[in-house]
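**Q** Okay, handing you the structure first.
The values are calculated or read from the model by the stated rules, or taken from the named source; none is laboratory data. Since the structure is predicted, the reported quantities are computational estimates derived from the model, not experimental observations. Cβ placement follows ideal geometry from the backbone for every residue including glycine, while neighbour counts extend to all protein chains displayed.
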Amino acid sequence: MTSTNHYIVGADIGGTTFTSAIFDSNLKCLDTSEKENVENHQASEDLLKALCNQIRQLAKSNDIDMNEIGGIGISCPGPLDASRGLILDTPNLTQFANFPLVENIEKYLNIPVFIDNDANLFSLGEWTYNYTPDLKVLISVTLGTGLGFGIVINGEIFHGSHGMAAEYGISPNGESTWENGLAIRGLYQLSQKYYQVIHSPEIIYNLAADGDVNALKIWSIYGKRLGKFLSQSVNMLDPDIITIGGGISHAFPFFKGSLMNEISIHSPAYNHYDIDIIESKQKEHSAMLGAVKLVKSRW
């Protein structure tokens with residue numbers, strides 16, 4: 001596939017919000033839409049139309065004709081079948097579960113569309129932002145409604161044999177899964193335990209910023225959980241860098257210490273080599289950049 005069109009759209013659809021950005025052919029971001037809430041669109045067709053309208057409005061506000069857009073890349077929760085343009089039985093975006101997303105967006109907008117796992121594309125964007133000549137292996141986690149995990153090796157997403165590599169969050173952890181402890185619902189459970197009421201991650205963050213003992217304890221426990229999760233990744237993949245994104249990553253300063261302490265207990269490579277663990281500076285913008293790079297890779 002080749003394209004002479006000047007612009008590419010990258011969209012990020014999460015379990016809570018969806019956002020779009022428009023890039024030029026040199027991968028410069030020209031503009032980003034406002035975030036919209038997924039929960040405002042309960043039917044698949046309604047959410048589809050809202051996403052398409054968001055993209056149309058973004059182009060219009062930048063005086064860009066839709067015919068000048070050469071492709072749309074979409075970052076969305078897995079598991080998915082990118083070759084068929086399907087999000088599969090995802091628990092975090094049920095409106096689009098087993099819904100022919102690519103086919104329907106192409107029908108509405110008449111523009112080629114490509115999708116991939118949000119954590120994969122976030123990792124690809126993070127690779128670009130953190131690139132150095134010595135970088136070989138980057139892994140990323142996204143912490144939010146779900147738990148995403150992505151691997152980039154020598155600049156290429158590692159998809160595995162069937163396109164479903166790195167679906168690590170749904171793996172068992174004791175009687176539950178890693179995702180249940182590290183996604184938002186894991187923080188809800190801790191909030192219920194320490195406050196007898198469910199607080200949002202933002203409220204727990206603000207309480208911790210004010211020095212609240214229970215909030216600081218919650219983030220310490222959370223960091224220890226994340227450290228156990230990531231120590232297995234370090235031992236398996238021996239990365240150069242781990243980047244952490246998603247809404248919960250804003251609290252990184254509060255859980256960084258317990259996270260790194262836990263990794264140091266279980267991962268020899270972390271103790272002997274310079275493995276950076278950082279909060280993403282770009283957040284969802286990395287996923288949108290990754291989505292745009294996905295489109296360019298198909299031209």
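**Q** Could you please give the count of residues in the stretch 165-201 that are of a type in the set (D, E, K, R) and over 18 Å from the mean Cα position of the chain (by Cα)?
**A** 2
**Q** Is it the case that the stretch 267-276 has a residue that's under 27 Å from C76 (Cβ atoms) and in contact with a helix residue (DSSP H, G or I) (Cβ under 7 Å, 6 or more places away or on another chain)?
**A** no
**Q** Still on this model: Which residue pairs have Cβ atoms under 8 Å apart, sit 6 or more places apart or on different chains, and have a first residue in the stretch 36-56 that is assigned by TED's automatic domain parsing to the domain that holds Y108 and a second that is loosely packed, with under 12 Cβ neighbours inside 10 Å?
**A** From the stretch 36-56, the pairs are A50/N40.
**Q** From the set of residues in the stretch 263-283 that are part of a loop (DSSP other than H, G, I, E, B), among the polar types (S, T, N, Q) and touching a Ser or Thr at 6+ places or on another chain (Cβ under 8 Å), which is surrounded by the fewest Cβ atoms within 10 Å (Cβ to Cβ)?
**A** Only one residue tops the list, namely S267.
**Q** V197: in the same structural domain as L27 (by TED's automatic domain parsing) and either within 17 Å of I184 (Cα to Cα) or part of a helix (DSSP H, G or I) (or both), yes or no?
**A** When the stated conditions are applied, V197 does not pass them.
**Q** In the stretch 238-262, which residues are at positive phi and either in a strand (DSSP E or B) or surrounded by fewer than 19 Cβ atoms within 10 Å (Cβ to Cβ) (or both)?
**A** D238
**Q** Pairs needed: first member in the stretch 3-27, free of Cβ contacts under 8 Å to residues at least 24 places away in the same chain; second member anywhere, buried (at least 16 other Cβ atoms within 10 Å of the Cβ); C-beta distance under 7 Å; at least 6 residues apart or different chains.
**A** Sorted first by the residue in the stretch 3-27, then by its partner, the pairs are T17/E36; T17/V38; D24/Y7.
**Q** Here's something else I'd like to know. Filter the stretch 81-95 for residues that are free of Cβ contacts under 8 Å to residues at least 60 places away in the same chain and on the phi < 0 side of the Ramachandran plot and give the result.
**A** R84, L86, I87, L88, D89, T90, P91, T94, Q95
**Q** Next question. For R84, all conditions in the list (1) at pLDDT below 95; (2) crowded, with 16+ Cβ neighbours inside 10 Å; (3) not β-branched (V, I, T) hold save one; what is the number of the exception?
**A** Every condition holds for R84 apart from (2).
**Q** Filter the stretch 30-47 down to residues that are in contact with a helix residue (DSSP H, G or I) (Cβ under 7 Å, 6 or more places away or on another chain) and closer than 23 Å to G247 by Cα, then give me how many there are.
**A** 7
**Q** Here is a check on your reading of the model: is N206 in the same structural domain as F255 (by TED's automatic domain parsing), touching a Phe, Trp or Tyr at 6+ places or on another chain (Cβ under 6 Å), more than 22 Å from I263 (Cβ to Cβ) and in a helix (DSSP H, G or I)?
**A** So N206 fails the test.
**Q** Can you give me the number of residues within the stretch 12-39 that are of a type outside the set (D, E, K, R) and under 13 Å from Q57 (Cα atoms)?
**A** 6
**Q** What number of residues within the stretch 1-48 satisfy the criterion of being within 18 Å of I69 (Cα to Cα) and not acidic (D, E)?
**A** The number of residues fulfilling the criteria is 24.
**Q** Next question, about the same structure. Considering the stretch 127-166 alone, what residues qualify as being surrounded by 15 or more Cβ atoms within 10 Å (Cβ to Cβ), more than 21 Å from A82 (Cβ to Cβ) and touching an Asp or Glu at 6+ places or on another chain (Cβ under 7 Å)?
**A** Passing the criteria: L135, V137.
**Q** Looking at this structure, is I105 part of a loop (DSSP other than H, G, I, E, B), among the hydrophobic types (A, V, I, L, M, F, W, C), over 28 Å from N180 (Cα atoms) and at pLDDT 90 or above?
**A** No.
**Q** Would the stretch 61-69 turn up any residue that is at pLDDT 95 or above and in a strand (DSSP E or B)?
**A** yes
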